[in-house]
Amino acid sequence: MILYTLLPATIGLLWLMACLGASHTVTLTLSPLETHINHAMRTELLLNAPSNSAPAGLQWIFKLPPGLKIIGIEAGTAVNGAGKTLVCKGAKCLVYGMNHTTISNGPVAVLMIRVDQALASGKRSVEYEAVGRSRLRRPEIQIGDAVAVSVEGRSIAVVAGDGIAVPLTIP
């Protein structure tokens, strides 16, 4: 009888802990690609965090498929509004500041990339990535190795959203 009483209580407690843990998760996602002239594209890295776990610093890597080149990364309005600085070396980026301000939800960074001309014109192909037994996935831009830190210096869990598919040809 005690076992039957403890089982629902344990399940309820685990569910509550999972909900509380999920509410403190920081999410980084990419906005849809905007296509520009000269085979250039633009996307924003977006922060979504509960107000009680908004980060004071961030770090991540943009993972690009072959045939794409970073032509610029700029700080987004959320970083500028918090008085923070965005520094990138290649695809690896760090947001920091010498203040106790947290970063609000919104654009953290603006990534500008250029598609290789041979790829854009169809003269060169991009390999599809095999997933599972028979599904193929288009090349995509992804967020990797994301880390967030609180004002107190504690680590905050970060979940990177799905990647965004890259069009194989650019008009």
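The values are calculated or read from the model by the stated rules, or taken from the named source; none is laboratory data. All of these numbers come straight from a predicted model, not from anything done at the bench. Every residue, glycine among them, receives a Cβ derived from its backbone with ideal geometry; neighbour counts consider all protein chains shown.
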Is one or more of the residues making up the stretch 83-90 within 24 Å of Glu34 (Cβ to Cβ), within 16 Å of the chain's Cα centre (by Cα), buried (at least 17 other Cβ atoms within 10 Å of the Cβ) and at pLDDT 95 or above? yes
Filtered residue count, the stretch 35-75, keeping only those that are in contact with a strand residue (DSSP E or B) (Cβ under 9 Å, 6 or more places away or on another chain), farther than 19 Å from Gly106 by Cα and among the hydrophobic types (A, V, I, L, M, F, W, C): 6
Filtering strands (runs of 3 or more DSSP E) wholly in the stretch 92-169 for at least 3 residues that are closer than 30 Å to Gly81 by Cβ, within 15 Å of the chain's Cα centre (by Cα) and modelled with pLDDT of 90 or more gives 92-96, 106-115, 140-149, 158-160
I'm trying to understand the selection: among the residues of the stretch 73-91, which are of a type in the set (S, T, N, Q) and either in contact (Cβ under 8 Å) with a residue 12 or more places away in the chain or assigned to a strand (DSSP E or B) (or both)? Thr77, Thr85
Of all the residues that make up the stretch 60-69, how many are surrounded by fewer than 16 Cβ atoms within 10 Å (Cβ to Cβ) and under 16 Å from the mean Cα position of the chain (by Cα)? 1
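Hey, does the stretch 64-72 have a residue that's outside any strand (DSSP E or B), out of contact with any Gly (no Cβ under 7 Å at 6 or more places or on another chain), closer than 25 Å to Ile113 by Cβ and at pLDDT below 85?
Yes, because at least one residue in the stretch 64-72 is outside any strand (DSSP E or B), out of contact with any Gly (no Cβ under 7 Å at 6 or more places or on another chain), closer than 25 Å to Ile113 by Cβ and at pLDDT below 85.
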Pick from the stretch 5-60 the residues that are hydroxyl-bearing (Ser, Thr, Tyr) and within 30 Å of Val115 (Cα to Cα): which of them is modelled with the lowest pLDDT? Thr35
